[in-house]
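What follows is a short report on a single structure.
The values are calculated or read from the model by the stated rules, or taken from the named source; none is laboratory data. These figures come from a predicted structure and were not determined experimentally. Here the Cβ positions follow ideal geometry from the backbone for every residue, glycine too, while neighbour counts run over all protein chains shown.
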Amino acid sequence: MINTCTAIFKNICYTLCLCLLMSAVHAQIKEQGIIPQPYQIQKNGAAFRFSPTETIGIGEGISPDNLTFFNQYFHQLAGYSLSFKKTTAPSIQLNIDSSKITEPEGYHLAVTSKRISIIGHDQAGVFYGLQSLVQLLHQSNGRVTVQGCTIEDRPRFAYRGMHLDVCRHFFKVDAIKKWIDMLALYKINTFHWHLTDDQGWRIEIKKYPLLQSISAYRDETIIGHKKDSPHRFDGKRYGGYYTQDEVKAVVAYAAQRHISIIPEIEMPGHALAALAAYPELGCTGGPYKTATYWGIFDDVYCAGNEQTFTFLQNVLDEVLPLFPSKYIHIGGDECPKTKWKTCPKCQRRIKDEHLKDEHELQSYFIGRMEKYLNSKGRQIIGWDEILEGGLAPGATVMSWTGEEGGIAAAKLHHNAIMTPEKYVYLDYYQSLYPSEPLAGGGYTPLSKVYNYEPITKELSGDEAKYIKGVQANAWSEYLASTAQAEHQIFPRILALAEIGWTAKQNKSYPNFLKRLRYEQPLLKQLNINAADTFDEITDSVTESADHQVQLALISTLPSGQIYYTIDGTVPGLKSKRYNKPFIVSTSGQIKAVVFNGAKQYGRVYEKDFHLHKAIGKTVTLVNQPQGGYNPGNTFGLVNGVFGSKLYNDGQWYGFNGDDLEAVVDLGKVQSVSQLGINILKYHWQKMWEPTLLTFETSADGKTYTEAYRQTTFNDNGINAVRANLKPTKARYIRVKGINKGIIPPGEYIAGAKAWLMVDELMVK
């Protein structure tokens, strides 16, 4: 293990050498910085200069692993290693003193011209102090120095986590260890390892060998996005699993880096892979197959079958010795009740246990498994659906569908980990540029991740203490390779690290970006395929004071200058320079480029505008859009910008089970010859076309005349409805769309409410 650690950190040290050589001769903390930002930093004018004769003193209780970890960095930077011994009077001293450093994982780092001292509350505190020291090392002219400073540091949250799904796509042990190294460097202390799901079972269970030969593999894998119709497949068998010996090695590797690994064994839903091997555990008895595409499936563990609980307890009996973590994650999310409703065994269970319905049956299932784990000295964590039917007494909620689950748990005095998909899902797009690689669907740019605040205003001071931390989640449906996974995870996981560690008052996104830019060479030299697009142009389309479309262009690149065109040509340094938001007065494509001096930075920004008579006009909605498809105003329906096929740009308005009824007031009676709207149809995303769409016109807002109707929408994707009329005098345009309502049997997520997705009410 030491040899493995040494090899990895030789690479890291070499990288640091290269990175630090590029910095100024007189290193400054404000330039090099530390990620995550410490609680308090105070500089002084002194600088400590290392020499080959230096000795590091390690106090009582400090593991040499901490120092070996650091010394590998240092050797590549300086060309020599520092000796260490148990002493109290060297120029570099490491100690543990919980009376002086009262916060777990906290540390004090002091650098003067003659001495470096790190005092940790515990082993982890010393370790994190050394990680901060590494980021401050500076090499110039063959000498290694550290600028004089005093750092008082401690984490804001005890739980700072990253989740990785290895079921949809499997990552080898070397990749897992590589990412654990990076988590440790940035003071993330928990790795949530998602090991079982519909698309694959990834951990060896010796009592059930078919989990290895059947459940760990699928016949083929979907090509493209789940929303595509029809689905296409690659025809290639895919899979793999971790042996118990491999799991033990990874857990030990992480422990040396002060990272706890929490395994997730999914139940009662997301069970298809297990049912494929052991069909008797399902409600119908199968046959079942390991899933080949992404989604939610009706076939789940049978809650009325005693064999189900025997199986899961036996699985856990083999899992628990591998993972010494306090917590075991049991999933609990996205469990359809369809099969339970018609299963005699499940209905018998409901009756015998005096349960109200299938939701209480899920609570019974979770509660029973919690009691079993409690009997083994462990606690459960589950996704926020474990709140259904009543929360198990000692459960910790991992709030993913939003913040509501975490808020509800905290108000019930249950611990919660905040991990809402809207803010911290790393499989979502981090850029809206069309050239972005395929991703999950949402939009969580670096700035959105960084600015997430886990303690919501709905929680009182007493309730807030139940929010134990924050976690970023990387689901692997569209992470088909290590390189693609790293593109999605980095650098957003560094932003998560700062949310979890840094005091709220010390956070600053511009300052974080400054420190992150310094880290970019390090990430590249570590062969981390990190996205480096965070300084590219983004935009804001708003309504001006006189109800026109106003476009603002933004880049966070220091001293970057934006140049743009409005005729669709690629801009250069002779194009119009952007200074402030401007009015978009004509239809067409606007392109923009940010320049760093004479050099173009990043990709070309593009935005199409389609102006028409309804731009900026008043829109009245009978029903309000919902969830993530409620932009908060109606301007997006009349701003000339069409929502994209990825539906993640804030342009689409979604009505969950409700009809669309909107009235556009043109302000005065005028001639109308074309009406239009865009409808988004993706049945695999629960987005259904309306059963009937109508346009009506009126001169007075009281009497309406139907001008157009449509009942078929053939395209999987955007259906652009354009109704050409004989010239008609009208002031008011009313559009109605009848929602599909409940998704019919035989369709994906049958029985759920359908989404009616619309954008841009066009009038010409």
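Remarks
- Test: H169 is part of a strand (DSSP E or B), crowded, with 20+ Cβ neighbours inside 10 Å, not hydroxyl-bearing (S, T, Y) and not assigned by TED's automatic domain parsing to the domain that holds D65: no
- Within the range 487-517, considering residues that are among the hydrophobic types (A, V, I, L, M, F, W, C) and outside any helix (DSSP H, G or I), the one farthest from S555 (Cα to Cα): A503
- Total residues in the range 128-152 satisfying the condition of being among the basic types (K, R) and either buried (at least 21 other Cβ atoms within 10 Å of the Cβ) or closer than 18 Å to W501 by Cα (or both): the figure is 0.
- Candidates G628, G650, G643, filtered to the one that is at pLDDT below 95 and either within 18 Å of I554 (Cα to Cα) or out of contact with any Ser or Thr (no Cβ under 9 Å at 6 or more places or on another chain) (or both): G628
- Taking the range 661-758 as the region of interest, the strands (runs of 3 or more DSSP E) fully inside it that hold 3 or more residues being in the same structural domain as F635 (by TED's automatic domain parsing), under 19 Å from L621 (Cβ atoms) and at pLDDT 95 or above are 692-698, 717-738.
- Qualifying positions in the range 518-562 - part of a loop (DSSP other than H, G, I, E, B) and among the aliphatic types (A, V, I, L, M): L526, I528, A530, A531, I537, A545, L557
- Residue in the range 374-382 that is in contact (Cβ under 8 Å) with a residue 60 or more places away in the chain and surrounded by fewer than 23 Cβ atoms within 10 Å (Cβ to Cβ) present: yes
- Filtered residues of the range 79-125 (kept if outside any strand (DSSP E or B), of a type in the set (G, A, S) and either touching a Cys at 6+ places or on another chain (Cβ under 9 Å) or at pLDDT 95 or above (or both)): S98, S99, G106, A124, G125
- Some residue of the range 187-206 being aromatic (F, W, Y) and either surrounded by fewer than 19 Cβ atoms within 10 Å (Cβ to Cβ) or over 24 Å from Y478 (Cα atoms) (or both): no
- Given (1) closer than 15 Å to R168 by Cα; (2) touching a His at 6+ places or on another chain (Cβ under 7 Å); (3) surrounded by fewer than 21 Cβ atoms within 10 Å (Cβ to Cβ); (4) of a type outside the set (A, V, I, L, M), number of the condition G240 does not satisfy: (2)
- Residue in the range 598-606 that is outside the structural domain of I743 (by TED's automatic domain parsing), over 30 Å from H231 (Cα atoms), without any contact (Cβ under 8 Å) to a residue 60 or more places away in the chain and touching a Ser or Thr at 6+ places or on another chain (Cβ under 7 Å) present: no
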